[in-house]
1. What three numbers, in Å, describe the spread of the alpha carbons of the chain along their principal axes, ordered from the longest?
2. So if I place +1 on the C-beta of Lys and Arg and -1 on the C-beta of Asp and Glu, and nothing else carries charge, what would the dipole magnitude of the range 19-319 be about its Cα centre? I want it in debye, nearest 20.
3. What trypsin sites (Lys or Arg not before Pro) in the range 325-426 are in a loop by DSSP, with at most 15 other Cβ atoms within 10 Å of the Cβ?
4. With label points built 7 Å along Cα→Cβ from the Cα atoms of Asp343 and Asp131, find their separation and express it in nm.
5. Which GluC sites (Glu not before Pro) does the range 1-99 hold that lie in a coil by DSSP with at most 11 other beta carbons within 10 Å?
6. Work out how much length Ala415 to Arg31 would gain on full extension: take 0.36 nm times their residue separation and subtract the Cα-Cα distance, in nm to one decimal.
7. Among Ala395, Leu423, Leu306, whose Cα lies farthest out toward the positive end of the dipole of the range 301-425, if unit charges sit on the beta carbon of Lys, Arg (+1) and Asp, Glu (-1)?
8. Please find the FRET efficiency linking Ala273 to Ser406, where r is the Cβ-Cβ separation and R0 is fixed at 51 Å, and quote it to the nearest 0.05.
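The values are calculated or read from the model by the stated rules, or taken from the named source; none is laboratory data. Because the structure is predicted, anything quoted here is derived from the model rather than measured. Glycine gets a Cβ as well: all are built from the backbone with ideal geometry, and neighbour counts include every protein chain shown. Each accessible area value is taken on the protein alone, full model and side chains, heavy atoms only, with ligands, DNA and RNA left out. Shrake-Rupley method; radii C 1.70, N 1.55, O 1.52, S 1.80 Å.
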Amino acid sequence: MRTAPRVPRPAFHFAPQRHWMNDPNGLVVHRGLWHLYFQHNPEGSHWGNMSWGHATSTDLEHWTEHPVALPYLPGEQIYSGSVVAPRPGDEDLLTAYYTSAYDDDHQAQSRATSRDGGFTWELDPDNPVLDRGTSAFRDPKVVRVTDDAGGVRWIMLCVEADDRQVLFYASDDLRSWEHLSTFGPLGDEHVVWECPDLIPLAVDGDPHDVRWVLTLSTNPVGDHADPEGSSMSYVVGHFDGVRFTADEPRLVRLDHGRDFYAGVTFDGAPGGAAIMLGWMSNWRYADTFPSAPWRGAMSLPRRLSLRTIEGAPRLVQEPPGFVRAHLARATRTTVLGAAQPRDVALSDHALVELRWDPASTGALRLGLQGEGDARVDVEHTPGSGTLRITRSGSAAESVHPDFPWSSTVALDAAAPARLLLSLDGPLLEVFVNDGESTVSNLVVLGSGSTTMTLDTERHSPVTLTAVDVPVPDGAGAPVLADRADALA
Ligand code: FRU
C-alpha cells in the first residue's frame, strides 16, 4: 500500500490550523489589520458545515487565526461573500454580505454587521435580504464606487452560477438593493460561474484611462467535465455605474496553473491598491489532497495592475513586497556561464529568481527534485514560445489521477526573461516577467530538502537568486487569539 506523502505546512501563506478551507471571503482592511474570512468546515477535513473562519495579519505574511466569525446555522450554510470597509462618518461599522445556502437548495444573500472590528457579527433579522427564489444565486461581492460628482454608491455583484451570469445591483445605504444589469452568459457552456469581483485599474498607470476588470471563477460541471478542473478568468471593459461592457467579449485565463480559484480583492486596501488572494486548490481533487490536520491554503497576496501587452490591456499580478524583501537579502546570487547542470539545495520554504536571455541560452530547464521520484520541471523552449511546468511522480499520482499535469504559459523567446518561483511547502507559484502571467500549483515534493537543478542548452549567463524563507516558531501554525492579541 502506498503511504500518503507528507505535506509541509506553509510558512508564509495562510492555512487554517485544522480542518477544511476553500474560498477567501470578506477580505477587508480595517484599522491597519488585513482581515481574511474563509469558507471553512470547523468540524472536519472535507467540505461541509460551511462557515466563515477568520484570520488577520498586519503584514500579509504572518497570519493569526481567530474563532469562527459566522458559524453555520440549522438548515443554512454560510457561503462566500464580502465585507465592506466602513462608510465615512461611521468608522466602526463593518458590513458583511454572504450567501445563505438553505438545505432545500435555495440560495439568497444575507447581511451581518460588526461593531468590534470584525470579530463578532450580528445577523440582520430580515435575512435573507436579497432573494430571487433561485438555487444558485450566490457569492455577493460589494464594491464601493464614487461617481464624477463625488457621490458614493455600493455595487453588488452576484452570480447565477448555473446560468453563467453576473448580476449587478446598486445601493445607497448598504441595505436595499436595486437590480441594474446582467452580464453573460459567455464562453464555455459546461461550467458554472462563481465568485465575481469588479476592479477599477489604470492602464499602464494612466489615471485618465481607467478600465474595469471583471474577474470570475469557473468550475466545470456535467458528465464530461474538463479534467483540468476549476480556474479563474477575467474580462477587461468599462462600467458606467449601471452596466459592464466588455472590450473583447471573451474570458481570458487569469492564472495558468491548476490551483488558483475564487480569488477576490481586499476592500479598503491602502492607496486603493487591488490586492487579490485566491484559494490554492482545485475542485477536481481538493478533498483528496493529503495535508493534515489542515486542508486548503491561500495564495500569496498579489497586487493587480493593467499593462498593455501585444496591444491590449492585460492583468499583471505582482508578488507582495515581503517576497521582494526576502529576495533582497539573498546572499546566493550565481551567474552561470556554462551549460552544466547546477545543483542548489533548497528548504521547503524558498524563493528563487532567474534572469536570462533565451536568445543566448536556448532552452532552459529548472528541476525541483523532492522525496523519492517526486518532481517539478520548469522548461522554456524558445522554439515553442512557451514555458511548461510539470508536476510528476508517484506522490502526485496518489493525490488523484488528474493531479499529474503540465501547465503551459506563453513566454516570448525574443526578449530577456524573468521568473520568480515561490515554494512554501506544497504551494508553488511562478511569476513570469514580474507577473505578466502566473502559474500557481499545488506540489507534493515531500518534506526535507528539495534539490534544484538548472541547466541551459548553450553556454550563456543565467542570474540565479535563491533564498530560504525563515519558518516562524510553530512551523507557521497560526495561533488562535482573541481581538486584543491581534491588535497588540
Ligand atoms: C466557490 C464556491 C462558491 C460558494 C462556496 C461554497 O468555490 O463554490 O460559489 O459560495 O464555494 O463553499
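1. On the principal axes, the chain reaches 68, 50, 50 Å in Cα extent.
2. Numbers: 22 positive and 45 negative charges, 104 e Å.
Rounded to the nearest 20 debye, it is 500 debye.
3. On the way: sites: Arg329, Arg332, Arg342, Arg355, Arg365, Arg375, Arg388, Arg391, Arg418; in loops: Arg329.
In loop regions of the range 325-426 (DSSP not H, G, I, E or B), the sparsely surrounded trypsin sites (Lys or Arg not before Pro) are Arg329.
4. Using points 7 Å along Cα→Cβ, the separation is 6.6 nm.
5. Numbers: sites: Glu43, Glu61, Glu65, Glu76, Glu91; in loops: Glu43, Glu61, Glu91.
Passing sites in the range 1-99 are Glu91.
6. Roughly 133.9 nm would be gained on extension.
7. Leu306
8. On the way: r = 33 Å, r/R0 = 0.65.
Calculated transfer efficiency: 0.95.
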